[in-house]
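For reference, the structure is listed below as structure tokens.
The values are calculated or read from the model by the stated rules, or taken from the named source; none is laboratory data. Since this is a predicted model, take the numbers as computed values, not measurements. Each accessible area value is taken on the protein alone, full model and side chains, heavy atoms only, with ligands, DNA and RNA left out. Shrake-Rupley method; radii C 1.70, N 1.55, O 1.52, S 1.80 Å.
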Amino acid sequence: QVQLVESGGGLVQAGGSLRLSCSASGRTFSIFAMGWFRQAPGKEREFVAGISGGGGTTSYADSVKGRFAISKDTGKNTVYLKMNSLKPEDTAVYYCARKTTAVVGTSGYAYWGQGTQVTVSL
């Protein structure tokens, strides 16, 4: 069974930075693509960033390009989301997810973490 556990959320002032971590169970971590999503109150969950199984390809939502960076450490079974220049509109619950293929993308995620809250204040 795949388990994903996020950490690193919190309260930060606008312009600040946070790094989210997602620890994944299972020996096949390096095979499957991973992604980060977020959901703000009253809004639908949206794709933030994704990384391919091998880690060589990444994809970002336009709203976070140039500010966020996704990476993975296969040895630690962990995927990260470094968030810089945070804005109040980045406030949301952030979820880690795993696909059933190695190809990065905005859909096809079968496993989800419980989420971690990120709040950006003015």
| Under-15-angstrom lysine pairs by C-alpha in the range 28-112, whenever the two are 8 or more apart or on separate chains | 4
| request: Would you work out the relative contact order for the chain, in percent, from Cα pairs under 8 angstrom that are 6 or more residues apart? | output: 36
| note | Extension length gain for GLN39 and LYS87 (0.36 nm per residue less Cα distance), in nm, is 15.8 nm
| query | What part of the accessible area of the range 53-121, given as a whole %, is carbon or sulfur when the probe is 1.4 angstrom? | reply | 49
| Under a 1.4 Å probe, what is the accessible area of the chain per residue, stated in Å²? | 50
| If each Cα of the chain is one equal point scatterer, what is log10 of I(q)/I(0) from the Debye formula at q = 0.11, 0.17, 0.22 Å⁻¹? | -0.31, -0.76, -1.26
